[in-house]
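Enquirer: Mind looking over this structure? Questions follow.
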Amino acid sequence: MSQFSPRRLWVLFRRTSPLDRVAILMLALYGLSRLGRNVTGYSVPFAPFLGFLSVAAVGYLVVRLILLVRRRGLWRLRNRLIVAYIFMAVVPVVLILTGGLIAAMLLELQIGAHLLRDDLHDRTTVIAADADAIAAALNREPDLKVDQPVSPESTAVEDPILSRPEVAKIIAGARAEWPELRVYINHGQQLVRSGNGRQFAGLAEFRGQLWFASAETLSAPGGRATLLAIAPITPALLDKLPSNLGPIQLSLLEPAGASPGKGIFFEIDGTRYVLGERIASAERKVPPPANWLDRRIDGLATLEAVRADLGPDAVNRPVLAQFSLRFSAINRDLLISMGAWGPILVEALIVVVSIFLVLEIAALVTGIVLTRTITRSVADLYEGTLHVRRGDFSHRIRVHQQDQLGALGESFNEMTSSISELIEEQRQKQRLENEVSIAREVQQQLFPSSLPSLPGLELAAICRPARVVSGDYYDFIPLGPSRVGIALADISGKGIFAALLMASLQAALRSAAMMEGLGSTAEVVSRVNRQLFVSTSDDRYATLLYAVYDSETKTLTYTNAGHLAPFLVLDGTVRRLDQGGTVVGLFEDARYAAETLQIAPGSLLVAFSDGLTEPENVYGEEFGIERLKAEVLRQRNAPVRRLAENLISAADQWAGAPEQADDATIIVARMG
């Protein structure tokens, strides 16, 4: 049967998922639509949407193919190691070489931009010197006029003083260097302001064109005059720049306005520009390549031209500089400054790179050779696991060499010899976990299944154990139509024993509260203390907060037996409820006191265990009472259930630890 028979294709199609079939169907429909369009010239109405679905289908199938290759092609450890060596040895070299090439290109472009700036700066230095000479001649003329107001739209006219013999002679000499040099009086004030206030030399935009410009202030009878000397940047001037760059083009960028249109625009410092005047060299050529690696590079740079036209302010106008260069030509100019050491350093760099590549190839070959040794040991381990899966614990692995893999084989042999004992320990552990799970279910029944409902009272409570069972206890005890008991306790220790002591405390507290009726909370706590002292060992105790809220009298009576003092919050003030006595269950004759408070409308009671204040961050700082109090004040107007959840969440975020160190319990009651 042929490898690509219809039956085999059908079997492969049946193994695909429904989503795979949908993707294949989308590609088939798109192919049919393209074929129909080519044959009939008719395009289906939903062709663009079908094209979008086909692109999504191609992406989905590519991901599926990658997962299939990874699951089947990389199942063998040898293939994985080879891929790992490729990523560790080949890919880093490629990335390093690519990064080095990009860095070299960026460096060469930076050097090219620097050379272009230097060439342009040299030209501005020349025109500045010519402007100085013209200014000196003007200073010797007796009737130099001071600057007069000129409209920004006025035409620049040469002043007659520039035609005087001494001045005209100097201007004529300057035009030997600048054939199109123009000199104006009473222009260039903006350039002077953009410079140091005395003289400006650089690129300038004047009447929508790009110029070399120099402007300076002259002393005149009755004030000051301004001299402006400008020469247009021409292709011939760009051809004469001395650096070893290729073709150069300077483009003056003009503000695009509110709507730049559909042409090419550039955004610089939040402002959009379009191309204005363009000046390109005519005769500059890129030097021929020295070798096949000597590539041509095209670069961009931005320069600044100051607006020389009259106006309220001098505005910098960007200039887009485009240039080309050749590696060898630029580096040859740089190496000339190093003399005879330049070629030596280049050869040393080539030798170092060659050695680096040879070592990298040797490392790759060594890794592949080591792969065979590793995969043989892993294959033996895999064979051993198959025997263990079948229940054959007598199988032993042959140890080929005394290395870490050999030690792993010996460890496997030791594991199989003691596997039966481990299985038995696992069974015992499972039985213990089942017992703990039952204990947790029983403990959950001790917490109140529903919250009491009294007029003007909102309750919420959360208990989150650090282990399977909790040593914290909270309770709400109905004491009549208008009274409810609120209890929060923290049992010493954790685990099963703490849970059993919690059950004893719950029974004692409910019994004492029911018997006491309208009696004092201090007497209830005293009875609980005597009961726990008699029924527990000497090193077991509990902290307890017991309070009774009366909705008719709007009073809260409480006794705090060694528990963290809860917060009573009203109108941004916090009172700590700390009256009571010592912990319960530790001293038989302990005495306890009660305190009764008048509750104003909107009062908030927040009681909590130390599991909410003791979480530590990475620096060992506890969340603490003060941070908890600040959170309570910040969120005091939230619903009671959300407030309880947010306080626990704040402590968790402070700790940032995946595991909880202690039981965390909180009760929130809004009264009045």
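Enquirer: Just the residues that are more than 17 Å from Leu509 (Cβ to Cβ), modelled with pLDDT under 75 and not in a helix (DSSP H, G or I), please, taken from segment 434-477.
Expert: Correct list: Arg467, Val468, Val469.
Enquirer: Restricting to segment 588-638, name every residue that is within 31 Å of the chain's Cα centre (by Cα) and over 25 Å from Gly572 (Cα atoms).
Expert: Pro615, Glu616, Asn617, Val618, Tyr619, Gly620, Glu621
Yes/no matrix, rows are residues, columns are (1) under 26 Å from Tyr549 (Cα atoms); (2) without any contact (Cβ under 8 Å) to a residue 12 or more places away in the chain; (3) hydrophobic (A, V, I, L, M, F, W, C):
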{"site": "Asn637", "(1), (2), (3)": "yes, yes, no"}
{"site": "Asn646", "(1), (2), (3)": "yes, no, no"}
{"site": "Asp652", "(1), (2), (3)": "no, no, no"}
{"site": "Pro658", "(1), (2), (3)": "no, yes, no"}
{"site": "Thr665", "(1), (2), (3)": "yes, no, no"}
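Enquirer: Residues in segment 155-164: is at least one surrounded by 12 or more Cβ atoms within 10 Å (Cβ to Cβ), in the same structural domain as Pro255 (by TED's automatic domain parsing), in contact (Cβ under 8 Å) with a residue 12 or more places away in the chain and not in a loop (DSSP other than H, G, I, E, B)?
Expert: First, the residues of segment 155-164 that are surrounded by 12 or more Cβ atoms within 10 Å (Cβ to Cβ): 156, 158-159, 161-162, 164.
Now restrict to residues that are in the same structural domain as Pro255 (by TED's automatic domain parsing): 156, 158-159, 161-162, 164.
With the extra rule that they be in contact (Cβ under 8 Å) with a residue 12 or more places away in the chain, the set shrinks to 156, 158-159, 161-162, 164.
Okay, now just the ones that are also not in a loop (DSSP other than H, G, I, E, B), so 161-162.
Yes, segment 155-164 has at least one match.
Enquirer: Same structure again: Show the residue pairs meeting these rules: Cβ distance below 7 Å; 6+ apart or different chains; first residue within segment 569-592 and among the aromatic types (Phe, Trp, Tyr); second residue surrounded by 16 or more Cβ atoms within 10 Å (Cβ to Cβ).
Expert: Close Cβ pairs satisfying both conditions: Tyr592/Ala522; Tyr592/Val525; Tyr592/Ser526; Tyr592/Thr559; Tyr592/Ala561; Tyr592/Gly580; Tyr592/Gly581.
Enquirer: Oh, and also: Restricting the first residue to segment 608-625 and requiring it to be in contact (Cβ under 8 Å) with a residue 24 or more places away in the chain, which pairs with a second residue that is of a type in the set (Lys, Arg) meet a Cβ separation below 8 Å and a spacing of at least six or different chains?
Expert: Pairs found: Gly611/Arg464.
Enquirer: OK, next. What number of residues within segment 365-405 satisfy the criterion of being hydrophobic (A, V, I, L, M, F, W, C), in contact (Cβ under 8 Å) with a residue 60 or more places away in the chain and either more than 21 Å from Leu81 (Cα to Cα) or in contact with a Phe, Trp or Tyr (Cβ under 7 Å, 6 or more places away or on another chain) (or both)?
Expert: 1
Enquirer: Would you be able to say whether some residue in segment 279-290 is modelled with pLDDT of 80 or more and in a strand (DSSP E or B)?
Expert: Yes: one or more hits.
Enquirer: Going through Val358, Val399, Val351 one at a time, which residue ends up being assigned to a loop (DSSP other than H, G, I, E, B) and at pLDDT 75 or above? Walk me through it before giving the result.
Expert: Numbers: Val358 fails: assigned to a loop (DSSP other than H, G, I, E, B); Val351 fails: assigned to a loop (DSSP other than H, G, I, E, B).
Matching residue, one of Val358, Val399, Val351: Val399.
Enquirer: Among the residues of segment 566-587, write down those that are under 29 Å from Gln531 (Cβ atoms) and small (Gly, Ala, Ser).
Expert: Gly580, Gly581, Gly585, listed by residue number.
Enquirer: Contact list please: Cβ distance under 8 Å, first residue in segment 534-558 and part of a strand (DSSP E or B), second residue surrounded by fewer than 22 Cβ atoms within 10 Å (Cβ to Cβ) and of a type in the set (D, E, K, R), pairs at least six apart or on different chains.
Expert: Listed by first residue and then by second, the contacts come to Val548/Arg483; Tyr549/Arg483; Asp550/Arg483; Leu556/Asp550; Thr557/Asp550; Thr557/Glu595; Tyr558/Glu595.
Enquirer: Does any residue of segment 118-128 turn out to be basic (Lys, Arg), crowded, with 20+ Cβ neighbours inside 10 Å and in the same structural domain as Ala280 (by TED's automatic domain parsing)? Outline the logic, then answer.
Expert: Filtering segment 118-128 for residues basic (Lys, Arg) gives 123.
Cutting the leftovers down to crowded, with 20+ Cβ neighbours inside 10 Å gives us 123.
Filter again for in the same structural domain as Ala280 (by TED's automatic domain parsing), leaving 123.
Scanning segment 118-128, I find at least one residue that is basic (Lys, Arg), crowded, with 20+ Cβ neighbours inside 10 Å and in the same structural domain as Ala280 (by TED's automatic domain parsing), so the answer is yes.
Enquirer: Do we have any residue at all in segment 185-192 that's without any contact (Cβ under 8 Å) to a residue 60 or more places away in the chain and farther than 16 Å from Ala135 by Cβ?
Expert: Of the residues in segment 185-192, the ones without any contact (Cβ under 8 Å) to a residue 60 or more places away in the chain are 185-186, 192.
From what is left, the residues that are farther than 16 Å from Ala135 by Cβ are none.
The answer is no; no qualifying residue exists.
Enquirer: Evaluate the following for Ala168: is it over 30 Å from Leu320 (Cα atoms), in the same structural domain as Arg117 (by TED's automatic domain parsing), out of contact with any Cys (no Cβ under 8 Å at 6 or more places or on another chain) and among the small types (Gly, Ala, Ser)? Walk me through it before giving the result.
Expert: Details: over 30 Å from Leu320 (Cα atoms): yes; in the same structural domain as Arg117 (by TED's automatic domain parsing): yes; out of contact with any Cys (no Cβ under 8 Å at 6 or more places or on another chain): yes; among the small types (Gly, Ala, Ser): yes.
Spelling it out, Ala168 is indeed over 30 Å from Leu320 (Cα atoms), in the same structural domain as Arg117 (by TED's automatic domain parsing), out of contact with any Cys (no Cβ under 8 Å at 6 or more places or on another chain) and among the small types (Gly, Ala, Ser).
Enquirer: State all residues of segment 560-585 that are in contact with a helix residue (DSSP H, G or I) (Cβ under 8 Å, 6 or more places away or on another chain) and outside any strand (DSSP E or B); if no residue qualifies, say none.
Expert: Of all residues in segment 560-585, those in contact with a helix residue (DSSP H, G or I) (Cβ under 8 Å, 6 or more places away or on another chain) come to 561, 564, 567, 569, 572, 574, 580-581, 584-585.
Passing the criteria: Leu564, Gly572, Gly585.
Enquirer: Looking at the structure I just gave you, is Leu50 at pLDDT below 80, in a helix (DSSP H, G or I) and farther than 30 Å from Arg372 by Cα?
Expert: On the way: at pLDDT below 80: yes; in a helix (DSSP H, G or I): yes; farther than 30 Å from Arg372 by Cα: yes.
Spelling it out, Leu50 is indeed at pLDDT below 80, in a helix (DSSP H, G or I) and farther than 30 Å from Arg372 by Cα.
The values are calculated or read from the model by the stated rules, or taken from the named source; none is laboratory data. The model shown is predicted, which means the values in this text are computed figures rather than measured ones. So basically every Cβ, Gly included, is an ideal-geometry build from the backbone, and we count neighbours across all protein chains shown.
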